[in-house]
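What follows is a set of notes on a single structure, which appears directly below.
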């Protein structure tokens, strides 16, 4: 599990290079290239937990998310549906702020936060994430385990190969090796 999560993280950093945002890169690459629809879905509880850890007005927003999605149980949502359900609870400036940080509410972020980080910083993680009272379109969500993560690694590797084949360069950009950034 740790090796798989490390591969996802490493490929994500290269695929999103030169952006230095490790967590954001992990989430964006997993959603965009991992080939798993679940990763881009919003989990309201992850939104509450993630926004609660942030500074400034985010804690108040986390409380409003908790009121809008009281759970359990929780229903996973497409990003647009999540934003629509919160629309009446946001100030005029908050929708744009929410769009910038909504990646923190996704299953990909839960994977980063609850599997990747413990694997890297705490000598291992659990064997998966279990969604005991979570559904998507009325169907229970299966645990997120190693076989699913291996599929994501394969998706990231395929994108790296595609970029390299198209450009004839390392991950599509040889500046990665040289450390050059325009």
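What follows draws every value from the coordinates through simple rules; no lab data is involved. Only a predicted model underlies this, so the values are computations on that prediction, with no experimental measurement involved. Cβ placement follows ideal geometry from the backbone for every residue including glycine, while neighbour counts extend to all protein chains displayed.
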Legend entry - Gyration tensor (alpha-carbon) shape descriptor, region 5-60, a/c threshold 1.5: oblate
Legend entry - Within a Gaussian network of the chain (alpha carbon springs, distance under 10 Å), most fluctuating of 149, 90, 98: 90
Legend entry - Angle in degrees between helix 2-15 and the longest Cα principal axis of the chain, rounded to the nearest 10: 80
Legend entry - Distance (nanometres) between label positions extended 7 Å along Cα→Cβ at residue 139 and residue 100: 3.7
Inset, instruction - Round to a whole angstrom and tell me the spacing of the C-alpha centers of region 60-135 and region 158-176. - result: 32
Legend entry - Residues residue 177 and residue 54, FRET efficiency given R0 of 45 Å [Cβ-Cβ distance, rounded to 0.05]: 0.80
Inset, instruction - Would you mind telling me the antiparallel percentage of the DSSP bridges in the chain, rounded to 5? - result: 75
Inset, instruction - Answer rounded, prolate or oblate for the chain, using the Cα gyration tensor with square roots of eigenvalues a ≥ b ≥ c: rounded when a/c is under 1.5, else prolate when a/b is larger than b/c, else oblate. - result: prolate
Inset, instruction - Could you please rank 121, 112, 130, 7, placing first whichever residue has the fewest other Cβ atoms within 10 Å of its Cβ? - result: 121, 130, 7, 112
Legend entry - Degrees, to the nearest 10: 58-68 long Cα axis against longest axis of the chain: 60
Legend entry - region 95-135 shape via C-alpha gyration tensor axes, a/c threshold 1.5: oblate
Inset, instruction - Run the quick spin-label model on residue 22 and residue 162: label points 7 Å from Cα toward the beta carbon, then report their separation in nm to one decimal. - result: 2.8
Legend entry - Helix 22-33 vs. the chain, principal-axis angle (Cα, 0 to 90°, nearest 10): 80
